[in-house]
Amino acid sequence: MVRQKKCRVIGEKPHVLYFKPRGIPLRDLEEIKLTLDELEAIKLKDLMKLSQEECARRMQISRPTFHRILASARKKIATCIIHGKALKIDERVRLVNARKYRCLKCMKEFKLEYGSKPKNFACPYCGSRNIESLHKIVWR
Ligand SMILES: [Zn+2]
């Protein structure tokens, strides 16, 4: 029986979806797939330095689930670096706009006012325009 994956909230997809060791042809490389929720876990915890409680809250999952996703993500990335494997961001999910935004400068989340345009929208807390929209993952 396959357990249905729960809904998770993540930021925008990265622009780069593939990393490989230099000098080794793709056909000779083993590929490791990093899911978008694993990527988000790494971003929130290791890049934004948020607490595990805060990360779990933002992704709308429990703390144990967040811990499991983070551990899996770190292991996959470490395996790629240590053993020279390719890393592929698995983007085969549908992302639904969560109507929420995150400021990448002050890390606060907020809802967009009705009628505002995300393109020229600034963070209501710090005024930064470095903003990403949040999405819910729909697993395929
Ligand atoms: Zn801000």
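How many residues are of a type in the set (V, I, T) and part of a strand (DSSP E or B) when one looks only at the stretch 77-103? Step through it out loud before you land on a result.
At the first step, the residues of the stretch 77-103 found to be of a type in the set (V, I, T) are 77, 79, 81-82, 89, 93, 96.
Among the residues that remain, those that are also part of a strand (DSSP E or B) are: 89, 96.
Number satisfying all stated conditions: 2.
Number of residues in the stretch 69-115 that are of a type in the set (K, R), assigned by TED's automatic domain parsing to the domain that holds D28 and touching a helix residue (DSSP H, G or I) at 6+ places or on another chain (Cβ under 9 Å): the value is 3. Would you call R74 part of a helix (DSSP H, G or I), closer than 24 Å to C7 by Cα and not aliphatic (A, V, I, L, M)? Yes: the conditions hold for R74. Here R94 meets each of (1) surrounded by 12 or more Cβ atoms within 10 Å (Cβ to Cβ); (2) within 30 Å of K20 (Cβ to Cβ); (3) away from the ligand (no atom under 16 Å from the Cβ); (4) at pLDDT below 95 with one exception, condition (1). Say whether the condition of being under 16 Å from C7 (Cβ atoms), under 13 Å from the mean Cα position of the chain (by Cα) and modelled with pLDDT of 90 or more is met by at least one residue in the stretch 78-89. No, the stretch 78-89 has no match at all. When D46 is tested against (1) within 24 Å of V96 (Cβ to Cβ); (2) under 12 Å from the mean Cα position of the chain (by Cα), just one condition goes unmet, and that condition is (1). F66 falls short on exactly one of the conditions (1) among the aromatic types (F, W, Y); (2) at pLDDT 95 or above; (3) within 15 Å of the ligand (Cβ to nearest atom), and that condition is (3). From the list A122, A78, A71, which one is surrounded by fewer than 15 Cβ atoms within 10 Å (Cβ to Cβ), within 16 Å of the ligand (Cβ to nearest atom) and of a type in the set (A, V, I, L, M, F, W, C)? It is A122.
The values are calculated or read from the model by the stated rules, or taken from the named source; none is laboratory data. Just so you know, these numbers come straight off a predicted model, no measurement behind them. Cβ: placed from backbone, ideal geometry, glycine included. Neighbour counts: every protein chain shown.
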